[in-house]
Structures are given as C-alpha cells and as structure tokens.
1. Does at least one position in the stretch 73-83 carry a residue that is on the phi > 0 side of the Ramachandran plot and in contact (Cβ under 8 Å) with a residue 60 or more places away in the chain?
2. Given the structure, is A239 modelled with pLDDT of 90 or more and closer than 19 Å to D297 by Cα?
3. Hey, could you check the stretch 117-140 for residues that are within 16 Å of L276 (Cα to Cα) and touching a residue at least 12 places away in the same chain (Cβ under 8 Å) and say which is most open to solvent (accessible area, probe 1.4 Å)?
4. Might you let me know whether the stretch 124-142 holds any residue that is in a helix (DSSP H, G or I) and either at pLDDT 90 or above or in contact with a Cys (Cβ under 7 Å, 6 or more places away or on another chain) (or both)?
5. Which one of the conditions (1) without any contact (Cβ under 8 Å) to a residue 60 or more places away in the chain; (2) outside any loop (DSSP other than H, G, I, E, B); (3) of a type outside the set (D, E); (4) open to solvent by 40 Å² or more (accessible area, probe 1.4 Å) does S101 fail to meet, given that it meets all the rest?
6. Filter the stretch 220-257 down to residues that are acidic (D, E), in a helix (DSSP H, G or I) and in contact with a helix residue (DSSP H, G or I) (Cβ under 8 Å, 6 or more places away or on another chain) and give me whichever is surrounded by the fewest Cβ atoms within 10 Å (Cβ to Cβ).
7. Which condition number in (1) open to solvent by 70 Å² or more (accessible area, probe 1.4 Å); (2) within 21 Å of the chain's Cα centre (by Cα) is the one that R143 fails?
8. Just to check your reading of the model, which residue among F186, F137, F207, F211 is among the aromatic types (F, W, Y) and in contact with a Phe, Trp or Tyr (Cβ under 8 Å, 6 or more places away or on another chain)?
Amino acid sequence: MDVLYTMLTFIAFTFLALFLSICFIMITIFKGKSIGDPKYAPVKGTVFNQLFYFKRLHDYHAQLAKTHPTMRLLAPNQSELYTIDVRNIEHVLKTNFDKYSKGKYNQDIVTDLLGEGIFVVDGEKWKQQRKVASYEFSTRVLRDFSCSVFRKNAAKLVKVISKFSQEGLHFDMQDLQMRCALDSIFKVGFGTELNCLEGSNKEGIDFMKAFDESNAIIYWRYVDPFWSLKRFLNIGGEAKLKRNVKLIDEFVNGVIKSKTEQLTLQQDSNVKEDILSRFLMESKKSETDISDKYLRDIILNFMIAGKDTTANTLSWFFYML
C-alpha cells in the first residue's frame, strides 16, 4: 500500500510540475508583448506554431506573409519579427545595419557549431572578418581557383547523374547538389578533397553527415523552447550535436594542421589558392597570431554560406524547370 501511495504521489507531483512549467512558459510568452498595440507588428502565433508546422515551415511562413507582410511570433521573453517588406529589409540590412546585432538569443543558439565566425559575432570582430574576407574574395587567384573547382565538380556531378540515367535509377537531386556543393566549398576553403559526391572518402562522408546533422539540430533549436535544458542534460538531439561537433572539430583541426605543415615545406611558393592557405600566409606577413579555432570558425561559416545556398538554389532551379 505504501508503494502504491508513493507511486501515485510521484505521478501527481510530476503532472503538477509539468502543469506549472507550461503555465510559466505561457506567462513568459505573453507577458509584456504589447499585443494589439498598433505601434507594433501584429501577433500571429507563438513559437509553438513553428514547432507544429516544422515539416512545412517554409510554406507556413509563405502563407502568413501573403496576408501579413510584417508580423510577430511570440517566444519566451521576446518577440520574433518576420517581414517581407522591402523597406524593412533595406532598413535592417543596409541603411541601419550597424544598429541591428545578432543578439545573445541567436548567438546562444548557433555558437556551439559556428563559434565566433561572421554569422555569430557583432561589432569589431564582424568588421575584421568582413574586411579580410572581402579582400580575399576579390583576389584573382582565389576567383580563378574557385571557378576551376566548381567546373571540375560540376563535371563529376554530370558523370554521376549520367550513370543513374543509363541504369534507369531514381536519385535525390538535392542530396547530390549538397554533396557537390560541399566538395566544392571544402576544396575552396581548405584546399582538400572531400569526395562526398563519389563517396570514396569515408572521413569526408562522416564529416558531411556530422555537418548536415549539426545544421539541422541548430535549426531545430529555433523552434524548441527546451533545447537548453536538453543540452544541460546531454540528451536527445543535443547529445548528438555534441558528438558531431567533436567529430567536425577533429576533422577540421587535422586539415588545418596538415595545411600548416604543407605551407612550411613550400615557403618559396607565394601562390596560395585556397582560403585557409591565404589566411595562414597573411598571418605570417602581418605577424599576427591566428589560432586554429579562429580559422576553423571562419571557414565553417564560409562553408555554411556557400554550401546550402548553392545546392538549394540549384535544386529549386531544376524543380521549376
């Protein structure tokens, strides 16, 4: 009887704690959000709407945008503002860019994967990386190298698709585009072949899977109000993210170490084509100490910028055709 009483008491307290937690979350979501105030964008849901529509999130936001070009979704302790109004976008991204920081909320979510790369930092750190990156990307050596890499991998992609065609097999166009883009971006960034498209490099395939999974988990954090608790408890997707980031770090640090040793042996050559080599060369010229972590963060951010954007755009292009 005592055991049954103890179990019932435990269950009751569990439900009570869950109920109080939900009440607390709902209070923090709606408290002080100026709901109905015409000075603010209209409220059209909460973060839980995004959780519910996660499988078709793009379509959900597109549908909302048809009737409300600028609107808010409420989250604990903040509002999330969404806009497709060109004037608002120009105001934030161009005319008043320096007044809009990433903010602690976004930084907390993405730092585990992106570190202190350009998508995370604000202020002077952002300006420094933007300045260096814009200079490097304007150099003819890097432009020519990038074009050569993308042409080479495009030819590989055609070869792979031709094989599927000859054998009459179905294939995932977006997956192939992702693999091709990652091979290209990694080669331009680190000067190393991943060979994800052809699947001949096991380490490269493992890196690609860890990189893609980590991106997906970081994206999920934006709609999961409990992600920080899961990270603290090291459970679910957060435990997987921790393992993936460790694998990514080990792989990237190995590439950086090999590239540093390679450049030491090639001191006479001034032609450094990939981004990592150019950053290492510039650090020697200016005698500034650039840590491996800093290099890792810069180039992983560059990969995020180039891989998904390129692959998704091409996938949509073929879909529309």
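The values are calculated or read from the model by the stated rules, or taken from the named source; none is laboratory data. Keep in mind the model is a prediction, meaning the values are calculated, not measured. Ideal geometry is used to build each Cβ from the backbone, glycine not excepted, and the neighbour counts take in all protein chains shown. In case anyone asks, the SASA skips ligands and DNA or RNA and just uses the protein heavy atoms, side chains included. Shrake-Rupley method; radii C 1.70, N 1.55, O 1.52, S 1.80 Å.
1. Of all residues in the stretch 73-83, those on the phi > 0 side of the Ramachandran plot come to 77.
Retained after the next criterion (residues that are in contact (Cβ under 8 Å) with a residue 60 or more places away in the chain): none.
No, every residue in the stretch 73-83 fails to be on the phi > 0 side of the Ramachandran plot and in contact (Cβ under 8 Å) with a residue 60 or more places away in the chain.
2. Values: modelled with pLDDT of 90 or more: yes; closer than 19 Å to D297 by Cα: no.
No: the conditions fail for A239.
3. R130
4. Residues of the stretch 124-142 that are in a helix (DSSP H, G or I), as a first pass: 124-137, 140-142.
Remaining after also requiring either at pLDDT 90 or above or in contact with a Cys (Cβ under 7 Å, 6 or more places away or on another chain) (or both): none.
For the stretch 124-142, residues in a helix (DSSP H, G or I) and either at pLDDT 90 or above or in contact with a Cys (Cβ under 7 Å, 6 or more places away or on another chain) (or both): absent.
5. For S101, the failing item is (2).
6. Within the stretch 220-257, the first condition is being acidic (D, E), and the residues that meet it are 224, 238, 249-250.
If we keep only those that are in a helix (DSSP H, G or I) as well, we get 238, 249-250.
So of that shortlist, the ones also in contact with a helix residue (DSSP H, G or I) (Cβ under 8 Å, 6 or more places away or on another chain) come out as 238, 249.
Details: E238: 21, D249: 16.
Applying the filter and picking the extreme gives D249.
7. (2)
8. Values: F186 fails: in contact with a Phe, Trp or Tyr (Cβ under 8 Å, 6 or more places away or on another chain); F137 fails: in contact with a Phe, Trp or Tyr (Cβ under 8 Å, 6 or more places away or on another chain); F211 fails: in contact with a Phe, Trp or Tyr (Cβ under 8 Å, 6 or more places away or on another chain).
Criteria check complete, one pass: F207.
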